[in-house]
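Asker: Once you've had a glance at the structure underneath, I'll fire off some questions.
Each value in this text was obtained by applying a stated rule to the coordinates, not by laboratory testing. This one's a predicted model, so the numbers in the text were calculated from it and none came from an experiment. As a convention, Cβ positions derive from the backbone with ideal geometry for all residues, glycine included, and neighbour counts pool all protein chains shown.
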Amino acid sequence: MSILDATNKPKNILELLSFDLTKFFADNDYCEIQSKDIEGVFMVEFEKEFPLVELGMFEKVVFRLFNDKNNINGSNHINVTMPANQRYVTSSRVKSLINSLYNVYGYDDDRKGEWDDADLSAFAEKDLERQWTVGNDKCVYAVKLSYTEKRGLILKIFFFNRLMESLNREDEQSYY
């Protein structure tokens, strides 16, 4: 890999998307799809259609915000879910996505690298799951791709707010 390639390499999942997830609430083109109050935790889900099909498979995104009523120190969290439109899901597109995530994050939590024959078999059986847990200190987040018969293909970012915190820390460090 040349130095030029290294500077153009995506640093996180957000750089793989054309839609800026950090601007989800910038316009009023999202809608609340559900809210629940369970044992002191208030959860609200908001959905937005992407202007373009993302990564060749995803037409919408769901933000799930959790608010712990007993926790007022600001450590509540956000999960992001992108359910794929099944008509776009193919083994070649999923392979491309897994290889892109590997390019960004390296080996997944199970020490698997790029797409392989086991992934192809799991895809065919609709029993595919890959997860990358990244970050350090309080900025740990996870990116999970799963494909099941019941739910189809779903890409999730757990603790999206921590991903945002890690980006803010990188920006602060770049000035030193």
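Asker: Sort Cys139, Cys31 so the one with the fewest other Cβ atoms within 10 Å of its own Cβ comes first.
Answerer: Least crowded to most crowded, the residues run Cys31, Cys139.
Asker: Do any trypsin sites (Lys or Arg not before Pro) in the stretch 102-141 lie in a DSSP loop with no more than 16 other beta carbon atoms within 10 Å, and if so, which?
Answerer: On the way: sites: Arg111, Lys112, Lys126, Arg130, Lys138; in loops: Arg111, Lys112, Lys126, Lys138.
Listed in order of number, the matching sites are Arg111, Lys112, Lys126, Lys138.
Asker: What is the gain in length, in nm to one decimal, between Asn28 and Ser91 on full extension, counting 0.36 nm per residue of separation less the C-alpha to C-alpha distance?
Answerer: That works out to 19.2 nm of additional length.
Asker: Which GluC sites (Glu not before Pro) in the stretch 117-152 pass both tests, a DSSP loop state and at most 11 other beta-carbon atoms within 10 Å?
Answerer: Values: sites: Glu125, Glu129, Glu149; in loops: Glu125, Glu149.
Hits after loop and neighbour filter: Glu125, Glu149.
Asker: In whole Å, largest first, what are the principal axis extents of the Cα atoms in the stretch 11-173?
Answerer: Each principal axis gives a Cα extent; for the stretch 11-173 these are 47, 36, 31 Å.
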